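Engineer: After the structure tokens below, expect a handful of questions from me.
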Amino acid sequence: MTVASIGAHEVVPTAAVYSGTKFAAWAITEGLRLESGPGIRVTTVSPGVVESELADTITDPAAAELMRTYRRAAIPPSAIGDAIAYALSQPAEVDVNEIVVRPVQQR
């Protein structure tokens with residue numbers, strides 16, 4: 001199980017490096033899925049905007065406000081936990097390759 005990010009699927013201004021690292025996590029996990037033997041399940045979960053303390057650690061006031069605005073429609077971390085639990089709870093012969101979880105307001 002790998003937790004990547006919606007950034008693996010979309011690039012926005014100022015986030016190219018972040019998106020690149022998340023795409024790398026997705027690509028490595030996909031490679032493991034393709035290269036693994038029978039019976040090995042591999043899943044990537046790509047969260048969208050999730051509630052966190054990230055905005056509290058930004059020291060630039062303008063950037064901090066942008067992050068708070070961006071996170072107004074965030075989903076709780078439990079939504080990601082539920083997605084992971086779903087993938088893990090599938091029968092042994094079912095491989096959930098990828099799950100993208102994001103707030104309905106995030107497009």
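Engineer: Looking only at the range 49-80, filter to residues that are part of a helix (DSSP H, G or I), farther than 22 Å from residue 10 by Cα and out of contact with any helix residue (DSSP H, G or I) (no Cβ under 9 Å at 6 or more places or on another chain); which one of those is modelled with the highest pLDDT?
Structural biologist: Taking the candidates together, the pick is 78.
Engineer: Go through the range 51-92 and count every residue that is exposed (fewer than 10 other Cβ atoms within 10 Å of the Cβ) and not charged (D, E, K, R).
Structural biologist: Total satisfying the criteria: 7.
Engineer: Let me ask something else. Surrounded by 15 or more Cβ atoms within 10 Å (Cβ to Cβ), in a helix (DSSP H, G or I) and of a type in the set (S, T, N, Q): is that true of residue 46 in this structure?
Structural biologist: No; evaluated as a whole, the condition is false for this residue.
Engineer: Applying the selection to the range 2-29, what residues are among the charged types (D, E, K, R) and either loosely packed, with under 14 Cβ neighbours inside 10 Å or at pLDDT below 95 (or both)? Steps first, answer last, please.
Structural biologist: Of the range 2-29, the ones among the charged types (D, E, K, R) are 10, 22.
Passing the criteria: only 10.
Engineer: Also, I was wondering about something else. I'd like the full set of residues that are without any contact (Cβ under 8 Å) to a residue 24 or more places away in the chain and within 19 Å of residue 106 (Cβ to Cβ), limited to the range 17-31.
Structural biologist: 18, 19, 23, listed by residue number.
Engineer: Condition first: touching a residue at least 12 places away in the same chain (Cβ under 8 Å) and among the β-branched types (Val, Ile, Thr). Now tell me which residues in the range 47-93 satisfy that.
Structural biologist: Result: 49, 50, 75, 80, 84.
The values are calculated or read from the model by the stated rules, or taken from the named source; none is laboratory data. Because the structure is predicted, anything quoted here is derived from the model rather than measured. When we count neighbours, we look across all protein chains shown, and the Cβ atoms used for this are built from the backbone with ideal geometry, even at glycine.
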